[in-house]
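**Student:** Attaching a single structure in structure tokens format; questions to follow.
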Amino acid sequence: MALNTLFALLAVASSGGATIAVEDVAPHDKELSSAKYEGRLTLSRGGTLAGDYIAAQLKAMGVKPGGDDGTYFHHFPVTFGFKPGADNSLQLTTTDGRTAEAKIDRDFRPLVNSASGTTVKGPLVFMGYGLNDEAYDDYRGADLTGKVAVVLRGSPAGYRAVSNAEKAAIARAAGASGLLVVGKARPNDPELPQYTRGQGIGQLEGFVAAAVTSAWLKQATGFDADAARTAAHPEPRDLNATVSLRTQLEPNTGMGRNVIGYLPGNDPVLKNELIIVGAHYDHLGYGEVGSTSGSSLIHYGADDNASGTAGVLGIAKYFATKGGNRRTIVFQLYQGEELGLLGSQAWAKAFPEKLQRTSAMINLDMIGRLRDGRLEVYGTSTSPAWQEILKKVPMPGIKPQYAPQTRADSDHYSFAARNVPVLFFFTGMHPQYHNEGDVFELINTQGLAQVASIAANVVQEIDARPTKLPFDPQSIVGNRAGDRQGSPRDSARRVRIGFIPDMTGQTEGVVLMGASPGSPAERAGFKAGDVILEFAGKKLSSLEDLQEAMMAVKPGDKVKVRFRRDGKEQEVEIQTEQRG
Ligand SMILES: [Zn+2]
């Protein structure tokens with residue numbers, strides 16, 4: 001007993017700092033970025049496995065379940081991309097009477113803009129790559145009325161990339177009633193394209209389009225598409241078969257899962273206060289969304305954001321082992337971040353009372369690429385206490401880059417926009433951002449452990465304070481730095497309005513989540529749900545438009561703001577302020 005106490009005292013006295021070992025973070029990153037988890041897309045098999053893995057880790061550490069009904073999972077509805085309905089079929093009959101039936105997702109898959117619930121029948125005709133450019137024309141004026149075109153996926157060597165959607169439009173213009181694309185666009189790609197978030201579900205009215213595998217087509221018709229592809233200029237030909245093709249797609253709807261655990265505080269009063277440590281664990285799957293390379297290979301996301309997830313697990317283990325936290329520490333691993341901060345928004349919207357009791361939210365997103373000790377820390381303007389706290393945190397070998405703005409492109413934004421002080425840790429951009437090259441081999445595991453240690457120390461410093469962190473109503477909440485690469489516009493920003501835009505599901509104008517307390521926007525009566533349609537004479541269709549419009553305005557200017565509330569359009573004049 002005495003010895004333990006002595007060690008505890010020594011541990012506190014010697015460094016004053018938490019240290020998280022590489023062994024407590026790196027294995028989690030390696031596991032979650034392995035092929036088993038298939039890029040951890042929300043609503044996907046790999047995404048679900050990743051959630052299970054994280055929950056099992058928290059349980060093994062003795063972290064208590066903080067999700068729905070005594071589980072580690074907080075569920076929220078997600079609609080993302082498309083899925084096949086019950087009514088998809090592809091049957092083929094050759095002129096000599098043989099028949100074949102294709103199986104969905106194994107042999108064929110509807111293209112996203114194929115007409116839904118429509119059947120087309122017609123003779124199959126091979127049309128090469130299905131292009132009709134002047135320099136490369138497979139159609140040469142051919143009339144395909146009543147026929148179904150078969151075209152090779154991808155483009156001839158050295159030719160521009162042509163999408164399936166464009167090929168469908170070309171075939172349709174030539175009179176065809178349907179299209180089958182066959183084979184791979186690139187050698188390493190899967191043969192059947194994904195059900196992407198691509199727009200225009202069912203857009204091709206009356207026209208049915210699908211992808212088929214070359215193996216199925218060969219077995220059904222004897223036509224070898226892979227062999228045809230080896231020709232310098234594959235020639236169109238009749239395939240001596242008739243198909244019946246029907247497609248039906250519907251929105252892919254399901255429940256996303258945040259993984260949540262907590263360590264209760266031991267102080268009778270302070271335990272009611274929460275310190276949230278969060279990271280998103282979802283990524284881009286097979287590039288179904290947000291890919292910078294357009295590849296259909298697994299997007300492993302070792303940095304984005306297996307690294308932050310590993311960091312949170314390392315911090316959870318540290319506090320679970322050490323004990324003694326006065327406040328309740330909540331560990332949140334979000335899904336749906338890559339689809340627009342869905343998981344963190346859902347949690348923050350569901351638990352306003354918990355947000356009231358939250359001292360701070362620490363977000364780790366992409367912390368696996370520490371280079372030359374450069375660590376970006378965003379959100380320092382959200383509380384006047386951050387400066388003092390960060391000064392106390394040991395950062396050997398680290399060159400912190402402090403930024404007052406929070407940015408709006410990761411989960412801390414869901415909290416900052418609701419007046420919770422936040423810090424966002426980020427080790428910077430790299431060429432593998434959002435593509436298949438973001439692999440574990442490129443992770444700086446030592447750096448990952450260092451950043452996790454810094455975040456753990458921040459948590460400790462928050463917990464050591466006598467009172468809750470104050471939120472600074474003048475703080476710069478939002479994406480002032482543009483995208484993740486930062487923006488030169490940043491330094492030019494000087495006008496304060498106080499709109500808090502909702503970053504999810506923008507359709508027309510800019511939807512507000514609220515107005516900053518004490519801001520011109522609040523004084524003008526703006527509130528959550530208002531849609532800003534026009535600012536200073538500029539029509540808005542995105543947040544970027546609003547930022548642009550604000551650039552043209554000087555502090556003290558009076559500007560007209562047109563907006564819609566409860567279906568009614570209104571206009572108000574608002575006087576801008578100097579940013580504090
Ligand atoms: Zn990302």
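**Student:** Considering all projection directions equally, how large on average is the shadow of the alpha-carbon convex hull of segment 232-285, in square nanometres?
**Tutor:** With the hull built on Cα positions only, its mean projection is 9.6 nm².
**Student:** Further question on the same structure: Per residue, how many Å² of accessible area does the chain show with a 1.4 Å probe?
**Tutor:** So the chain comes to 41 Å² accessible per residue, rounded to a whole number.
**Student:** Which value, in Å² rounded to 10, gives the accessible area of VAL330 with a 1.4 Å probe and all protein chains present?
**Tutor:** 10 Å²
**Student:** If you don't mind, another one. Between ALA135 and ASP267, what is 0.36 nm times their sequence separation minus the Cα-Cα distance? Round to one decimal in nm.
**Tutor:** That pair, ALA135 and ASP267, stretches by 39.9 nm at full extension.
**Student:** List the lysines whose Cα lies under 17 Å from the Cα of LYS147, skipping any in the same chain that are fewer than 8 positions away.
**Tutor:** Correct list for LYS147: LYS121, LYS167.
**Student:** Would you please give the residues with an amide H less than 5 Å from that of GLY428, counting only those at least 5 places away or on a separate chain, with H modeled from the backbone geometry?
**Tutor:** When sequence neighbours closer than 5 places are left aside, the close amide H contacts are GLU376.
**Student:** Estimate the FRET efficiency between ARG374 and GLN578 by the formula 1/(1 + (r/R0)^6), using the beta-carbon distance for r and 30 Å for R0, to the nearest 0.05.
**Tutor:** Efficiency, rounded to the nearest 0.05: 0.45.
**Student:** Now, a different point. Pull up the DSSP beta bridges for the chain and report the antiparallel fraction as a percent, rounded to 5.
**Tutor:** 65 percent
**Student:** Separate question: By average Cβ neighbour count within 10 Å, what is the ranking of 428-440, 390-402, 278-290, 58-70 from highest down?
**Tutor:** For the peptides 428-440, 390-402, 278-290, 58-70, the packing ranking is 278-290, 428-440, 58-70, 390-402.
**Student:** Which ³J(HN,Hα) values in Hz, rounded to whole numbers, follow from the phi angles of segment 50-57 under the Karplus curve 6.51 cos²θ - 1.76 cosθ + 1.60, where θ = phi - 60° and Gly and Pro get x?
**Tutor:** My calculation for segment 50-57 gives 5, x, 4, 4, 5, 4, 5, 5 Hz in order.
**Student:** Further question: Would you please give the FRET efficiency between ARG565 and THR19, computed as 1/(1 + (r/R0)^6) with r the Cβ-Cβ distance and R0 = 51 Å, to the nearest 0.05?
**Tutor:** 0.45
**Student:** Once the piece of chain linking ALA60 and GLU548 is laid out straight, how much longer is it, given 0.36 nm per residue of separation minus the C-alpha distance between them?
**Tutor:** Separation in residues times 0.36 nm, less the Cα-Cα distance, equals 170.7 nm.
**Student:** Right, here's the next one. Quantify, in whole percent, the carbon and sulfur part of the accessible surface of the chain (1.4 Å probe; protein heavy atoms only).
**Tutor:** Ligands and nucleic acids excluded, carbon and sulfur reach 51 percent.
**Student:** I need the phi-derived Karplus couplings for segment 419-424: 6.51 cos²θ - 1.76 cosθ + 1.60, θ = phi - 60°, integer Hz, Gly and Pro marked x.
**Tutor:** 6, 9, x, 9, 10, 10
**Student:** In 10 Å bins starting at zero, report the fraction of Cα pairs in segment 87-247 per bin as a rounded %.
**Tutor:** Cα pair-distance distribution for segment 87-247, in percent: 11, 46, 37, 6, 0.
**Student:** Once you wrap a convex hull around the alpha carbon atoms of the chain, what is its projected area averaged over all directions, in nm²?
**Tutor:** With every direction weighted equally, the projected area is 30.3 nm².
**Student:** Right, something else. Summing +1 for each Lys or Arg and -1 for each Asp or Glu, what net charge is found among the other residues whose Cβ lies under 11 Å from the Cβ of ILE315?
**Tutor:** +1
The values are calculated or read from the model by the stated rules, or taken from the named source; none is laboratory data. Please read these numbers as outputs of a predicted model, since none were measured by experiment. Every residue, glycine as well, gets a Cβ built from its backbone with ideal geometry; the counts of neighbours run over all protein chains shown. These accessible areas exclude ligands, DNA and RNA; they are computed on the full protein's heavy atoms, side chains included. Shrake-Rupley method; radii C 1.70, N 1.55, O 1.52, S 1.80 Å.
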